[in-house]
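Below is one structure; the comments refer to it alone.
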Amino acid sequence: MDVVLFVQVGNFYNLWDVDADVGIEARLGLNLSGRRKANMWKVGVPCHGYSRWMERFVQLGHTVARVDQVQALGQNDALERRITQIVSPAVLHLQPGWT
């Protein structure tokens, strides 16, 4: 696993498919949402708790990328999303308390 993506969907950051598996297998207390078919399973954390969850994943050796909703693209409510942060174990080690 190279990077675990935390994708903002409303007031939550979701981890999908294999990223959800990482969250479940890490035994961090994340629970599966949705169904395990057609790559639709996910786990989610509230946006206000992102820093704490990011730090826990990075402490386990994972690099985390945060994908935030930037703006609505039009009337069909499609949202533009961008990677706004990437944190690796080296970054967290060099800048403790940076979250």
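The values are calculated or read from the model by the stated rules, or taken from the named source; none is laboratory data. Since the structure is predicted, the reported quantities are computational estimates derived from the model, not experimental observations. FYI the Cβ positions are ideal-geometry reconstructions off the backbone, even for glycines, and counts take in every protein chain you see. Side chains included, ligands, DNA and RNA excluded: accessible areas come from the protein's heavy atoms. Shrake-Rupley method; radii C 1.70, N 1.55, O 1.52, S 1.80 Å.
Rounded to whole numbers, the Karplus 3J(HN,Hα) couplings from phi for region 62-70 are 8, 8, 10, 10, 9, 10, 9, 6, 9 Hz, using 6.51 cos²θ - 1.76 cosθ + 1.60 with θ = phi - 60°, and x at Gly and Pro.
To the nearest 0.05, how large is the calculated FRET efficiency for ILE24 and VAL3 if R₀ is 22 Å and r is the Cβ-Cβ distance? Once rounded, the FRET efficiency stands at 0.80. Can you figure out the FRET efficiency of GLN71 with ASN31, using R₀ = 22 Å and their beta-carbon distance, to the nearest 0.05? My answer for the efficiency is 0.10. Calculated accessible area for region 5-70 comes out at 54 Å² per residue, all protein chains present (probe 1.4 Å; ligands, DNA, RNA ignored).
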